[in-house]
Every structure is written in C-alpha cells, then in structure tokens.
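The values are calculated or read from the model by the stated rules, or taken from the named source; none is laboratory data. Source: prediction; values computed, not measured. All Cβ positions, glycine included, derive from the backbone under ideal geometry; neighbour counts span all protein chains shown. Accessible surface is based on the protein model in full, side chains and every heavy atom, while ligands, DNA and RNA are left aside. Shrake-Rupley method; radii C 1.70, N 1.55, O 1.52, S 1.80 Å.
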Amino acid sequence: MADLTRDTVLEALGRVRGPDLDRSIVEMKMVSDIFISDGKVYFSINVPAERAQELEPLRQAAERTVKALPGVKGAVVSLTAERKQGSAPPPPRPQAGAPAHSHGHSHAPAPSGTQRSKAGVPGIEAIIAVASGKGGVGKSTTAVNLALALKANGLRVGILDADVYGPSMPRLLGITGRPQQIENRIIVPMENFGIKVMSMGFLVDEGTAMIWRGPMVQSALMQMLREVAWGDLDVLVVDMPPGTGDAQLTMAQQVPLSGAVIVSTPQDLALIDARKGLNMFNKVEVPVLGIVENMSYFIAPDTGNRYDIFGHGGARKEAEKIGVPFLGEVPLTISIREHSDDGTPVVVAEPESPQTAVYLSIAEKVWAEVKARSGRTAPAIVFE
C-alpha cells in the first residue's frame, strides 16, 4: 500500500473541479495546507464567504475523493473564506441582472465601524470566551471550573476547547475515547459531570504535534463549533488558547461572543500580557465581562499562613483602571492542582470548599454581566 502523503492527497484533489468547471481546486489554489494524522486528512477549501452555502457540494466532492484513497480512515474538510496571500480566488458570483460573462468587481468595503454579521449557533443562548494574554496563568483550569460552577448554578452548559495546539479539556475532565459522528457529519460531543465537551484532544492522539497554519485553525474551530450536536445550552464556555493569534481572531470575528473573561496572575508581567488580550477584544468589539486574578495568594496548609507569592491585587487594580468588572480572586492551592490532574475539577470534587465558593461567585457575576448586556434580568442565585 502506497504511503499516504500530502502529494497523494493533492493528486487526488486535482480531479475535483472548481466552481468554473474548467480547472481543479488545486489548479485554482483553493486548497489550504494539508495535515495528515493517524490516517485522518485535514484541510480546507478557500471560497468567498457569500458562496459558502452554494459551494457545499464542492466540499462534499473533495471529501469523498480523499476518503476513497487507500489508507485514509477519515477526512475533515471545511470551507473557509480565508486564503493564502497571492492565491487566486474562485470567480465571484455574478450579481442579479449582470451579464453571465461579466467578471464583475469586488464589493466596496463596508463603512468603518460596521460589524460583519455573525451567525449564531442554534440552541446556544450565550457564548463566553475565557482568555489570557500568556500561558501558565491557569486559564484552562479557570475555564473548566467556571463552566462547572455555571452548571452548579443551574444552567445548561457546554465547553469548547479552542486550544488546537494544546488541548487540555480531555485531561481536566477525565474524558477518554472518540466522539461519535451521526448523519450530515454532525459530531456528538463528549460529556462528563453534566456538561458537554468538544476538543481537538478527542480527535488526535495526545502526543500528536499540531503543525497548523491560520486557515486550518479557523476551519477546525468552526467545525467543532458549528458541526457539533450541542443541543439546547444556556451558555457555551470557550477555552481560548493563550495569546492573541488565529484562534482568538477567528472566534472574535466569526462568532457572536457574549463576552470575554480575562484570566491573569497578579504580577506585572502577566498583567502586561493580559492588557493585550483586553485590547484585542476591544478592537473586535467583544465586551469584556471582567478579569479573574488566578493564583492570587497561597494559604499554607500546615500553618494557615497566607503568602502573596506573585504579589496581590494587580488584576483588581487593572480592572478598576480600565473600567471593567473584577470577578474575583482564586487562591493558589494544592487541591485545585491535584483535582485538575485527576480529571475531577475542584468544583466537582469539593463542592463545599472555599475554592469552589470562589468559582461559584465568579460564575454568578459572569452570568449577571451576560444577562445585563443582553437586556435581560439575571436570576437571583442564593448560596446556602
């Protein structure tokens, strides 16, 4: 059996005709970078955004062609409006009333300040991004405990692990195995502790290096978001990768986010990076729901003495400075780390602990912000 390589995939796709029917999608430079892992082939086809629905049969044809190759166990093919610099786009769709042979011109850019329409996800009321300007601040641990705290507060919750390069939700939630796929390529999300979960970590082996560029990241995220049977959810928590790269811009520009929660530690260096995340969300007009100060302080388990290892109060001061809510201080504790490593987050493992009370309070404030911004009254949540 011949080895499955990028060249063999491209050769096969050379038989798939593009929208003009004269050239293949390879000749028209519509195919993004191709990634192959464990017999699965991942790539996207670059098309104009306004023609995505019309060109769905093209995507299906490319998928069938690749799946027919020897050694292919599956194919993930998506349509994306992003293309590589210098690539030739497919011909624009003729406007109504224009001659059939007209090449047309590109539409004038939208006026400054006009937001592009963002399609929501059916059944999901609110989508919240949990982000940080840098890695190592405990963002994923905060995201998973926030999601579980929202669930404990009576909401229907899902969590999307948007960190394509370093997915952590399978380990944090103690989930193994592969999700099932039903008709129309829809994926059934995994589930544990009463919340639905989707992560690239379910689709590739834990040790696989994801060497993807912008279009592939965008394509994977949109598939995990829009081609998953989420059902009816009050809120979907999105665990963003650290920084301000492709994944963050994709989610901010193409998904109607209800808002973003910024996670930082107290020290100045982390706050500098957190400001970058805040500025990014401001530029793409996504409201910042507030800032969480993680690893805020340490209580020695033997003596009960408090130590401000990373300083203290920096995130609160930053929130006050820029005029966004301060959501709370999460202590640095051994139990949070141990339960995260065991796949039973502290909100589930120790529901009556002080640490869980902090997450429940943060969840209450986050949901109140979401409701306030949507013009609806937030329900009163009573802690007993």
- prompt: All but one of (1) among the acidic types (D, E); (2) open to solvent by less than 10 Å² (accessible area, probe 1.4 Å); (3) at pLDDT below 75 hold for D239; which doesn't?
  reply: (3)
query: Does any residue in segment 310-328 that is over 15 Å from N279 (Cα atoms) come within less than 6 Å, Cβ to Cβ, of a residue that is open to solvent by 30 Å² or more (accessible area, probe 1.4 Å) and outside any helix (DSSP H, G or I) six or more places away or on a different chain, and which pairs are these?
result: F310/Q267; F310/M295; G311/Q267; H312/Y297; R316/F326
statement: For E293, the lone unmet condition from (1) in contact with a helix residue (DSSP H, G or I) (Cβ under 7 Å, 6 or more places away or on another chain); (2) charged (D, E, K, R); (3) open to solvent by 70 Å² or more (accessible area, probe 1.4 Å) is (3)
field: Complete set of residues in segment 11-30 that are open to solvent by 40 Å² or more (accessible area, probe 1.4 Å), among the aliphatic types (A, V, I, L, M) and either part of a helix (DSSP H, G or I) or at pLDDT 90 or above (or both)
entry: V26
Residue satisfying condition, being under 16 Å from P345 (Cα atoms), open to solvent by 10 Å² or more (accessible area, probe 1.4 Å) and in contact (Cβ under 8 Å) with a residue 12 or more places away in the chain, within set A152, A143: A152
query: Just checking, which of V228, V261, V286 is among the β-branched types (V, I, T), open to solvent by 10 Å² or more (accessible area, probe 1.4 Å) and at pLDDT 80 or above?
result: V228
- prompt: Looking at segment 34-54, is at least one residue open to solvent by less than 40 Å² (accessible area, probe 1.4 Å), at pLDDT 85 or above and outside any strand (DSSP E or B)?
  reply: no
- request: State whether one or more residues within segment 203-218 are among the hydrophobic types (A, V, I, L, M, F, W, C), at pLDDT 80 or above and under 24 Å from T344 (Cα atoms).
  value: no
field: Condition check for T250: at negative phi, crowded, with 18+ Cβ neighbours inside 10 Å and either outside any loop (DSSP other than H, G, I, E, B) or at pLDDT below 90 (or both)
entry: yes
message: Return the residues of segment 177-203 that are at negative phi, assigned to a loop (DSSP other than H, G, I, E, B) and crowded, with 17+ Cβ neighbours inside 10 Å; say none if nothing qualifies.
response: P179, P189, L203
field: Check on T80, closer than 20 Å to Q223 by Cα, among the β-branched types (V, I, T), open to solvent by less than 40 Å² (accessible area, probe 1.4 Å) and at pLDDT 90 or above
entry: no
message: Name the residue that is least open to solvent (accessible area, probe 1.4 Å), counting only residues in segment 296-314 that are under 17 Å from Q355 (Cβ atoms) and not in a loop (DSSP other than H, G, I, E, B).
response: F298
- request: Could you grab me the full set of residues in segment 303-320 that are at pLDDT 80 or above and over 24 Å from A129 (Cβ atoms)?
  value: T303, N305, R306, Y307, D308
